[in-house]
1. Restricting to the stretch 214-237, count the residues that are under 31 Å from the mean Cα position of the chain (by Cα) and of a type in the set (Phe, Trp, Tyr).
2. Would you mind finding the one in Leu127, Leu76, Leu118, Leu93 that is open to solvent by 40 Å² or more (accessible area, probe 1.4 Å), out of contact with any Gly (no Cβ under 7 Å at 6 or more places or on another chain) and under 30 Å from Phe28 (Cα atoms)?
3. May I ask you to list the residues in the stretch 197-218 that are out of contact with any helix residue (DSSP H, G or I) (no Cβ under 8 Å at 6 or more places or on another chain), within 24 Å of Met184 (Cβ to Cβ) and of a type in the set (Phe, Trp, Tyr)?
4. When you scan the stretch 244-261, do you find a residue that is modelled with pLDDT under 80, part of a loop (DSSP other than H, G, I, E, B) and surrounded by fewer than 15 Cβ atoms within 10 Å (Cβ to Cβ), even just one?
5. Restricting attention to the stretch 22-51, which residues are open to solvent by 70 Å² or more (accessible area, probe 1.4 Å) and farther than 19 Å from Ser267 by Cβ?
Amino acid sequence: MREALLKNKGLITLTVCFSLIVSSGSVFVAILLQRIIDAAVKGDMGLFQQTLIFSIIYVPLLGLFGYLYSICSKALIRGWTVTLRERVFRGILRRNFEEFSNTNTSDYLSALSNDIKLIEENYVQPLLITLQNIIIFVASLLIMLFLSPLVTGILVGCMILMFTVPSLFGKALQKRQIAVSSQMSVFTSRLKDMLSGYEVIKSYSMGKHVEKKFAQENETAANTKFSADRTLALNEGVSEILGSLTQFAVVFIAAFLILTGKLSAGSLVAQVTGLLALS
């Protein structure tokens with residue numbers, strides 16, 4: 001992988017640069033929305049015309065950079081794929097006859113095709129998406145900080161709660177998942193014993209007894225799983241409530257600042273847009 005990175009460092013630089021431009025540019029749309037709304041509310045035709053002209057130029061440019069980023073990222077994936085296949089193929093050819101014969105040809109073909117594809121789908125593409133999301137996250141926070149430090153501070157506090165509170169359920173969830181795994185192992189073992197003793201059950205007419213025993217084991221396994229599911233449901237519910245409270249807190253506080261004349265209507269729209277980008 002290191003060789004693939006070094007061999008394609010030029011494409012990596014271009015991809016990162018275009019990703020930075022596109023991600024930051026998409027977040028900057030919030031500022032344009034702010035200016036448009038403020039111009040409409042204030043009846044400022046000059047500001048409206050300036051923003052409109054700027055937007056007519058800005059949007060196609062953003063689309064162009066988006067196209068360039070897409071081309072560069074695909075070219076980067078192509079370069080990585082070619083380099084990795086070459087390394088794998090060289091490694092196969094450098095084996096001696098005995099080592100080569102110990103592995104099936106299908107495994108070599110899989111390594112040169114399926115495994116490379118998996119690396120592309122599970123490593124390279126997620127890496128590029130993660131990079132883009134990080135840029136969007138940072139840019140959104142900076143714009144929201146510029147619009148209203150108070151709202152941004154409250155948002156950051158809510159986000160810390162969103163990550164901290166659900167993590168408190170971590171130990172309980174882990175404990176219940178271990179119990180589920182253990183109980184399912186016991187259930188599988190008992191079920192195997194029952195099915196293995198089919199002839200004995202039939203010979204001694206023990207069907208009713210075994211059915212009753214199975215029902216008990218089945219109920220125990222299901223109850224253990226349901227106990228873990230309840231904790232998971234509680235965790236998901238708390239996360240959902242905190243997420244909703246975060247959104248409402250940002251919107252209501254921004255609205256209050258508008259009512260007190262400390263924030264413009266356009267800034268509220270921009271705050272909501274930034275919040276959506278963060279989520």
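The values are calculated or read from the model by the stated rules, or taken from the named source; none is laboratory data. Note that the structure is a prediction, hence the values are computed from the model and not measured. Because the Cβ atoms are built from the backbone with ideal geometry, glycine has one as well, and the counts that use them run over all protein chains shown. Heavy atoms of the whole protein, side chains included, go into the accessibility calculation; ligands, DNA and RNA do not. Shrake-Rupley method; radii C 1.70, N 1.55, O 1.52, S 1.80 Å.
1. 1
2. Leu127
3. Selection gives Tyr198 alone.
4. yes
5. Across the stretch 22-51, the qualifying residues are Met45, Gln49.
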